[in-house]
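Asker: Pasting in a structure now, in C-alpha cells, and then I'll have a few things to ask.
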Amino acid sequence: MSADMFFMPAPERHFILKALQNRSFLIGLVITAAIALMALISLFWTPYDITRLQVAARMQGLSLSHPFGTDHLGRDILSMIMIGARNSIAVALVAVGIGFGIGVPLGALAAARGGWIDDALMRLNDVVFAFPALISAVMITAVFGPGAVNAIIAIGIFNIPVFARVARAGALSLWPREFVLAARAAGKGRVLITLEHILPNIMSLLLVQATIQFALGVLAEAGLSYLGLGAQPPMPSWGRMLFDAQTRIAVAPHLALFPGLAIVITVLGLNLLGDGLRDVLDPRLRHER
Amino acid sequence: MTAFLAKRLAVGLITLLAASVIVFSVLEILPGDPARIMLGMNASPDALEALRIEMGLDRPILARYLDWLAGMATGDFGRSYTYSSPVLDLVWERLAVSLPLAVFALSLSTLIAIPVGVFSASRRGSAADTITMGAAQVGVAIPNFWFALLLVYVFSVGLRLLPAGGFPGWGESWAQHWQAFKALILPAVALALPQAAILARVTRSAMVEVLGEDYIRTARAKGLPRTQVLWRHALRNAMIPVLTIMGLQLAFLLAGTIIIENVFYLPGLGRLIFQAISQRDLIVVEGVVMLLVASVILINFAVDICYAIVDPRLRAGR
C-alpha cells in the first residue's frame, strides 16, 4: 500500500463537504437524483399501464386518480412522463458516452502528438462545428430512419468535437507542467503519461462538460422527438407528447404543460449540477464569476 | 490583421470543401431511389431508366460530385425534383421568412440580454443579480418549442392578439407587411428567450471579469460617471466573448429554426429542408445544407472582423 493511498480519503472527504455546501450543486443533485429515481421506478411500476388505451377516459383534467390528467388516448400523463424520463436520460446519457468515448481520446491524442495530427484533428473538428447541428441530426435520422437509437447517434456525433476540444485544451495546459516533465524524464511514453497523469487531471473539466452536454442532449432529444424523429410510439417521449399536445392546446392546455415542465426541470437540474461542480472543482473560476 | 483574416478565410474554404464531401457522401447512402420515388411504385422499368439517365444517376459517383461542386461554384444548385424549380429560387423564397425571423430574434435577444448582463454584473451579489441570473438559468433550460406553445396558448388562444401560425407573405401594402410581421412576432419571441438567457449569462461573466481590471479602477478614479465607465469602457472590453456567442446564435437561428417553423407552420428554410428530406429531394437537401454551412463559416469570418474592430490590438498587430 503506497503513501498515496493512505492520504487519499482526506481530500476526497473535503471535496464532498465542499460540494454539499455549494447551493447550485446541492439543488442540481437533488433534482437530477429525483428525475433519475423517477425513471428507475418506471422500469417496474407506473401508476397506469400506458399500453392500454382508454378512449372513454381521454383528455381528463387533473384529478386524484390522474394527477396530471390523461392524453387524447386516455393514457395517464404522469405514467407517460415517468417513462419519458427513462427515454430522455437513456438517449442523452449514451450520446454523452459516444462523445466522451471518441472525443476524449482524439483530443488527448492531438495534444500528446501535436504537429500535423493535431492540425488535422482540429480542422476536422471545425468541419463538424460548421454543420448546423439540428439540421444534420434531422439528416442523419432521415438516412437511418427515425428512432431512439438513431437519435442517440445523431446527438452523439455532435458531442465528439466538444469533448475533443475540451480534452485537448486541458491536456495542452498540462504538458509543459513539471510533473509531466518529470514523468517524461523518467522515460515514460506519451500514451502512458496521458493515461496516468493527463487524464486524471483533466477529468474534472470533462465531468463538468459531460453534465452540460447531458443537459443539451435532453433538449436535443426533445426537439428530435417533437419532429417525430426520436423514440417512436408507443414508447412515450417528452418531445412527442408536446407534439401531440400542440393541436389540442385550446381544449387541453395541461397536455402541453407537464411534459414541458419535465424537460425544463431536468435540464435546469443538470445545468445547476454542472455549474456547482465547476465552482467546487475550479475555485479560480468561482472567483471570477 | 490582413494575414490573420487571410488565414481564417483559407481555413473557411477548406472547411467548406470538406463539408461538401461529407454532405454528398451522406446523402449518397440515403436509402430509396429518387427516380422511383418521383415516378411511383407502378412505373415501368423503361421510364425509370430514362429518368435515371436524365437525372444523371447512371454516371459514376465522382463525376456527379464534381459536377455538383462546379455547379455550386457558378451559382447553379440544380433543380428540385418535387418543386420543379431551381434550388436557388426556392432558397430565396424561403429566406424571405427565415432571414427576417433570425435577425428579429437575434435583435430581441441582444436588446434584452446585454442590458440585463451589464446590470447584473454591475450589482454583483445583490438580490437583483441573484434573481436575474436565476431567471436566466431557468431560461436556458426552456426548450424554445415548448415556450412557443405557451405563447400560442396565451396570445393566440387566450388573448387572440397574434396569429397561432402560418405566414401570409410580405405582400405589397403596409397593411400586408404588418400582417406578415405579426406572424413572426411569436416565433421570434420563442426563439429569442432561451438565446437571451444564454447571452445574458455570457455578458455578465465577461463584464464581471472586465470590471475587476485596473483600467476600470483608473477610469472611476479619474472621476468618469459610473454609467460611462460601465457602458463605454467595460462593455467594449467584454464584447469579444459576447460577439462569439452572438455569431454562434445567428448561425443557429438561420438553420435551427426548423422546430419553431414546424410549430408555427412558417415556410422557412428549416421547413424546406425538413420536407425535402422526407420527399428524398436530395438536390435540395444538399444545396440548402451547403448554403447553411457556408453561412456559418461566413458568420464566423464576420465575427473575426468584429474582433478586430472591437480590439485595436488585433488591428495593429497580427
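Here is a yes/no grid of residues against (1) within 14 Å of chain B (Cβ to nearest Cβ); (2) part of a helix (DSSP H, G or I); (3) without any contact (Cβ under 8 Å) to a residue 24 or more places away in the chain; (4) among the β-branched types (Val, Ile, Thr):
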{"position": "A:80", "(1), (2), (3), (4)": "no, yes, no, no"}
{"position": "A:104", "(1), (2), (3), (4)": "no, yes, no, yes"}
{"position": "A:107", "(1), (2), (3), (4)": "no, yes, no, no"}
{"position": "A:112", "(1), (2), (3), (4)": "no, yes, no, no"}
{"position": "A:118", "(1), (2), (3), (4)": "no, yes, no, no"}
{"position": "A:125", "(1), (2), (3), (4)": "yes, yes, no, no"}
{"position": "A:128", "(1), (2), (3), (4)": "yes, yes, no, yes"}
{"position": "A:146", "(1), (2), (3), (4)": "yes, no, no, no"}
{"position": "A:154", "(1), (2), (3), (4)": "yes, yes, no, no"}
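Asker: Is there a residue being outside any loop (DSSP other than H, G, I, E, B), more than 19 Å from the chain's Cα centre (by Cα), within 14 Å of chain A (Cβ to nearest Cβ) and modelled with pLDDT of 85 or more anywhere in region B:185-202?
Answerer: Yes, that holds for at least one residue.
Asker: Out of the residues in region B:116-164 that are among the aromatic types (Phe, Trp, Tyr) and closer than 22 Å to residue B:187 by Cβ, state the one that is nearest to the chain's Cα centre (by Cα).
Answerer: B:145
Asker: Which condition number does residue B:277 fail, the rest of (1) facing chain A (nearest Cβ under 10 Å); (2) under 30 Å from residue B:242 (Cβ atoms); (3) aliphatic (A, V, I, L, M) being met?
Answerer: That leaves (2) as the condition not met.
Asker: Select from region B:137-166 the residues that are of a type in the set (Val, Ile, Thr) and part of a helix (DSSP H, G or I) and write down the one among them that is nearest to residue A:134 (Cα to Cα).
Answerer: So, considering only residues that are of a type in the set (Val, Ile, Thr) and part of a helix (DSSP H, G or I), the one nearest to residue A:134 (Cα to Cα) is B:140.
Asker: If you take the residues of region A:88-102 that are small (Gly, Ala, Ser) and crowded, with 17+ Cβ neighbours inside 10 Å, which of them is nearest to the other protein chains (Cβ to nearest Cβ)?
Answerer: A:88
Asker: Here are A:249, A:212: which of them is more than 20 Å from residue A:141 (Cα to Cα), of a type in the set (A, V, I, L, M, F, W, C) and within 8 Å of chain B (Cβ to nearest Cβ)?
Answerer: It is A:249.
Asker: Now for a different question. Please verify whether region A:177-200 includes one or more residues that are surrounded by 23 or more Cβ atoms within 10 Å (Cβ to Cβ), over 13 Å from the mean Cα position of the chain (by Cα) and closer than 15 Å to residue A:100 by Cα.
Answerer: No, the conditions are met nowhere in region A:177-200.
Asker: Additional query: Go over the candidates A:242, A:255 one by one and state the one that is facing chain B (nearest Cβ under 8 Å) and over 15 Å from the mean Cα position of the chain (by Cα).
Answerer: Of the residues listed, the single one that is facing chain B (nearest Cβ under 8 Å) and over 15 Å from the mean Cα position of the chain (by Cα) is A:242.
Asker: Residues being more than 15 Å from residue A:105 (Cα to Cα) and in a helix (DSSP H, G or I): count how many of those fall in region A:168-189.
Answerer: Within region A:168-189, residues that are more than 15 Å from residue A:105 (Cα to Cα) and in a helix (DSSP H, G or I) number 10.
Asker: Residue check: is residue B:209 surrounded by fewer than 16 Cβ atoms within 10 Å (Cβ to Cβ), acidic (Asp, Glu) and within 14 Å of chain A (Cβ to nearest Cβ)?
Answerer: Spelling it out, it is not the case that residue B:209 is surrounded by fewer than 16 Cβ atoms within 10 Å (Cβ to Cβ), acidic (Asp, Glu) and within 14 Å of chain A (Cβ to nearest Cβ).
Asker: Right, another one. Is it the case that some residue within region B:229-241 is surrounded by fewer than 19 Cβ atoms within 10 Å (Cβ to Cβ), basic (Lys, Arg), more than 25 Å from residue B:111 (Cα to Cα) and out of contact with any Lys or Arg (no Cβ under 9 Å at 6 or more places or on another chain)?
Answerer: no
Asker: While we're here: Check off (1) under 14 Å from the mean Cα position of the chain (by Cα); (2) surrounded by 19 or more Cβ atoms within 10 Å (Cβ to Cβ) for residue B:272 and give me the number that stays unchecked.
Answerer: (1)
Asker: Could you say which residue among A:151, A:111 is within 27 Å of residue A:268 (Cα to Cα) and at pLDDT below 90?
Answerer: A:151
The values are calculated or read from the model by the stated rules, or taken from the named source; none is laboratory data. Values in this document were obtained by computation on a predicted structure and should not be read as measured data. Every residue, glycine as well, gets a Cβ built from its backbone with ideal geometry; the counts of neighbours run over all protein chains shown.
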